[in-house]
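The structure appears right after this line, and notes come after that.
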Amino acid sequence: MQKLKIKGPVSLNGEVEISRAKNAYLPILAAILLTDKKVRLKNLPNLRDIKTMIQLLKNLGVQIEEDGDYTVFDASTLNSHEATYELVKTMRASIFVLGPLLTRLNKAKVSLPGGCAIGTRPIDIHLSNLEKMGAKIDLRAGYVEANTDGLQGAKLPLKFPSVGATENLMMAAVYAKGTTVIENAAMEPEIDDLANFLNSMGAKISGIGTNKITVEGVDELCETDYEAIGDRIEAATYVIAGLMTNSEIKVTRFNPEHLEFVLDKLIDMGAKLEIGKDYVKTFPSKLKGAKIETAPFPGFPTDVQAQMVALCAVVEGNSIIAENIFENRFMHVPELMRLGSKMDQQGSSLFIEGGAKLVGAPVMCTDLRASAALVLAALVSEGETIIDRIYHLERGYENLSLKFQKLGAKIEVINE
Ligand code: EPZ
C-alpha cells in the first residue's frame with residue numbers, strides 16, 4: 001500500500017504550476033457524448049477521477065487517442081447508453097453522463113452514484129428538473145433509467161444552486177427543443193468553463209457567470225479544441241502551504257479571480273500576498289484566526305474548508321469554521337488532532353484553538369480535500385508523518401509529491 005512520508009517542519013521556496021481543473025474537465029469530458037465530431041482537449045490532468053471518466057467514455061464506445069499535449073475524442077462510435085455501477089461507484093461525477101446521453105439518444109441508464117464519505121449527496125435536483133424537460137425517470141435496481149420522446153426547453157428554478165445539477169441540465173438543454181432557463185444556477189467558475197466549451201462547439205448558452213443561464217436548443221455541434229481553466233482548489237492548497245510554512249512561493253497558471261473570497265479571507269487574517277493576473281505569490285506573514293462559513297460561489301468554497309482548518313490550527317488565535325454545504329465534511333479533524341491540533345466540532349461548526357505545535361504521527365486520508373489538509377499539517381509538524389490511503393489524494397492532485405519536492409518539502413511516496 002502506497003503512503004506519503006513527510007518530514008517537518010520545512011520552509012518552501014520557488015514556483016509551482018497549477019494543473020487544469022478536475023472539476024471543469026469532468027463535465028467537459030461528459031459533454032463529449034453530445035457530438036459525433038472530434039473534440040481535442042489540452043493538458044488533461046493525470047488524475048484518478050479523469051482516468052475513470054475516460055474509461056467510462058471508452059465503455060460507451062468513444063474512441064480516444066493521445067496527440068502530444070492533446071487527447072483526441074471521437075464519440076461518433078457511441079454504442080451504449082448505459083453507465084454501469086462498476087465505474088460509477090468509484091466516482092460520483094459519472095452522473096454527468098446522464099444529461100448528454102439522454103439528450104443525444106433519448107435514453108440513458110446510469111447507476112445511482114450512492115453515498116460518499118462527505119455526505120449522502122442526492123441527485124434529486126438533477127432528476128426532478130430533467131422530468132420538467134420531458135424525461136420519464138425510473139429508479140430501478142440501483143439505476144436511473146431515463147427515457148424521452150425528445151427533451152423540451154423549460155424553466156428550471158433550482159431549489160439549491162447545485163454545481164452538478166446545473167451542469168447536467170445545461171448539457172441536457174443543448175439539444176432540447178426551444179429555450180431552457182436554469183434559475184438559481186450555481187456560479188462556480190467550472191460551470192462558466194463548461195458553458196464556454198459547449199459554445200465553442202456551437203451551443204447557444206447565455207447568462208454565463210450569472211445565476212440565470214439560458215440555453216437555446218440546437219440540432220448539432222461542431223468539433224472543437226479546448227483547454228480548461230486552472231484548478232483553483234489546487235491553487236488554494238498551495239497558497240495555504242506557502243502561508244503555513246511562512247514561505248515565499250509563487251503559485252502560477254490559474255485565475256486568482258476564481259479564488260477572490262479565499263484570498264480576501266487570507267489577507268484579513270494577515271497574509272502578505274502578491275496577486276497577479278495568473279499567479280499568487282506568498283510571503284512570510286503573521287496570521288491570526290478567522291471566522292469562515294462555506295457557501296456556494298462566490299462564497300467561501302467547501303473544497304477549501306479542510307485546508308483552512310489545517311491553517312487555522314497553527315495560526316495564533318482562535319477560529320470558527322462552519323461547513324454549510326456537506327453534512328459530513330470534518331473527517332480531517334480527528335486526524336489533525338492526532339498531530340496535536342486543538343479543535344472541537346459542534347454540529348456543522350468547528351471551534352479551533354490556534355497556536356498548536358504539531359508533532360508528526362501516522363494519519364489516514366478519508367476523502368480528497370481532507371487528505372490535502374493532512375499534507376499541509378505534516379509540512380509544519382515536528383518530525384515524521386506517515387499518511388495512509390493516499391489514493392484519495394491522487395483523485396484530485398496531479399503530481400503532488402513531485403510539486404512539493406520541487407518547492408523544497410521533504411516528502412516521498414513509500415511502499416509499506
Ligand atoms: C461539486 O460536487 C464538486 N464536484 C465538489 O467537489 C464540490 O464540493 C461541490 O460541487 C460543491 O462545490 C465536481 O464538480 C466533480 P452540489 P456536486 O451538487 O456537484 C446537495 C472535490 O473535492 N444536492 O453543488 O456533487 C448536496 O447533497 C469535490 O473536488 C442535493 O441536495 O455538488 C450537497 O449538500 C467534492 N440534491 C449540496 O447540494 C442534488 O440533486 C452541494 O452539492 C444535488 C446536490
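Coordinate-derived values only; no laboratory data. Since the model is a prediction, treat every value here as computed from it, not as a measurement. So basically every Cβ, Gly included, is an ideal-geometry build from the backbone, and we count neighbours across all protein chains shown.
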Query - Exposed trypsin sites (Lys or Arg not before Pro) absent - longest run of the chain, DSSP non-H/G/I/E/B, at most 14 other C-beta within 10 Å - result: 1-158
Requested in this report: Can you tell me the order of 81-87, 318-324 when each peptide is scored by its average per-residue count of other Cβ atoms within 10 angstrom, highest first?
Outcome: 318-324, 81-87
Query raised in the report: For the range 272-381, what does the alpha-carbon gyration tensor say about shape, rounded, prolate or oblate, given a ≥ b ≥ c as the root eigenvalues, a/c under 1.5 as rounded, and a/b over b/c as prolate?
Result: rounded
Query raised in the report: Which entries in 159/250; 107/159; 212/286; 288/403; 136/204; 58/277 show an alpha-carbon gap greater than 29 Å?
Result: 159/250; 212/286; 58/277
Query - Largest-first principal axis extents of the Cα set of the range 1-138 (Å) - result: 57, 38, 28
Requested in this report: Could you tell me the distance between the Cα centroids of the range 318-343 and the range 6-28, to the nearest Å?
Outcome: 22
Query raised in the report: How would you rank 331, 1, 308, 343, going from fewest to most other Cβ atoms within 10 Å of each one's own Cβ?
Result: 1, 331, 343, 308
Report summary line: Computed on Cα atoms, Rg of the range 361-416 relative to 2.2 N^0.38 Å comes out at 1.03
Query raised in the report: From the Cα gyration tensor of the range 136-179, with a ≥ b ≥ c the square roots of its eigenvalues, which class applies: rounded if a/c is under 1.5, or else prolate if a/b is larger than b/c, or else oblate?
Result: oblate
Report task. Using the structure shown, select from 357/406; 38/281; 51/265 the pairs with a Cα to Cα distance greater than 30 angstrom. Result -> 38/281; 51/265
Query raised in the report: So what is log10(I(q)/I(0)) for the chain at q = 0.08, 0.09, 0.11 1/Å, when the Debye sum runs over its Cα atoms only?
Result: -0.43, -0.55, -0.81
Requested in this report: For the range 215-281 and the range 356-390, compute the distance between their C-alpha centroids and round to whole Å.
Outcome: 23
Query - Per-peptide average of other Cβ atoms within 10 Å, ordering 10-18, 162-170 highest first - result: 162-170, 10-18
Query raised in the report: Which of the chymotrypsin sites (Phe, Trp or Tyr not before Pro) found in the range 237-266 are loop residues per DSSP with 14 or fewer other Cβ atoms within 10 Å of their Cβ?
Result: none
Requested in this report: In whole angstrom, note down how far apart the Cα centers of the range 171-193 and the range 102-128 are.
Outcome: 17
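So for 206, 285, 381, fewest C-beta neighbours within 10 Å to most, what's the order?
In increasing order of surrounding Cβ atoms, one gets 206, 285, 381.
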Query - Average silhouette area of the range 163-299, convex hull of alpha-carbon atoms, in square nanometres - result: 8.9
Query - Per-residue Cβ neighbour rank within 10 angstrom, fewest leading, 365, 222 - result: 222, 365
